[in-house]
Amino acid sequence: VVTKSGLKRCGGQGDLLSGFTGTMLAWSKGYEEGVFNKGNSQISHTRLPLLSCVGAAILTRTISRRAFEKHGRATLTSDMIPEISGAFADVFESPGSKI
């Protein structure tokens, strides 16, 4: 993953990453079972775990960068949490989204 992140790693940042990974894996399972796409799966089920992990990594790195831009070296994991919504929109919902 080549997405720019913050320049500081915080204790608890991995907890955010694992939570995002678990969420995206659950969403990919729903996709595989046709919950979101009404059975018209266009992505191979063998690629879904990889895509979930990459998406979680990009999201975590984007959140880290946004928090670091505001708080610098004083960034804590608790500073990252308010950035989740905006980073999610930037990564997954914007016209030039990364995924």
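The values are calculated or read from the model by the stated rules, or taken from the named source; none is laboratory data. Because the structure is predicted, anything quoted here is derived from the model rather than measured. Heads up, the Cβs are rebuilt from the backbone with ideal geometry, glycines too, and the neighbour counts pull from every protein chain shown. Protein only, heavy atoms only, side chains kept; ligands, DNA and RNA dropped before computing areas. Shrake-Rupley method; radii C 1.70, N 1.55, O 1.52, S 1.80 Å.
Accessible surface of the chain, 1.4 Å probe: 59 percent of it comes from carbon and sulfur atoms.
Given only helices, namely DSSP H runs of n ≥ 4 each adding -39500 (n - 2.57), what is the per-residue ellipticity at 222 nm of the chain, to the nearest 500 deg cm²/dmol? Working shown, then result.
Numbers: 4 runs with 53 residues, N = 99.
The helix contribution divided over the chain gives -17000 deg cm²/dmol.
The shape of segment 54-99 comes out prolate: with a ≥ b ≥ c from the C-alpha gyration tensor, a/c is at least 1.5 and a/b beats b/c.
Compactness check for the chain: Cα Rg over 2.2 N^0.38 Å is 1.15.
Please compute the per residue accessible area over the chain with all protein chains in place, 1.4 Å probe, rounded to a whole number of Å².
Numbers: 5960 Å² over 99 residues.
On a per-residue basis, the chain sits at 60 Å².
Averaged over residues, the count of other Cβ atoms within 10 Å places the peptides 43-49, 61-67, 81-87 in the sequence 61-67, 81-87, 43-49, highest first.
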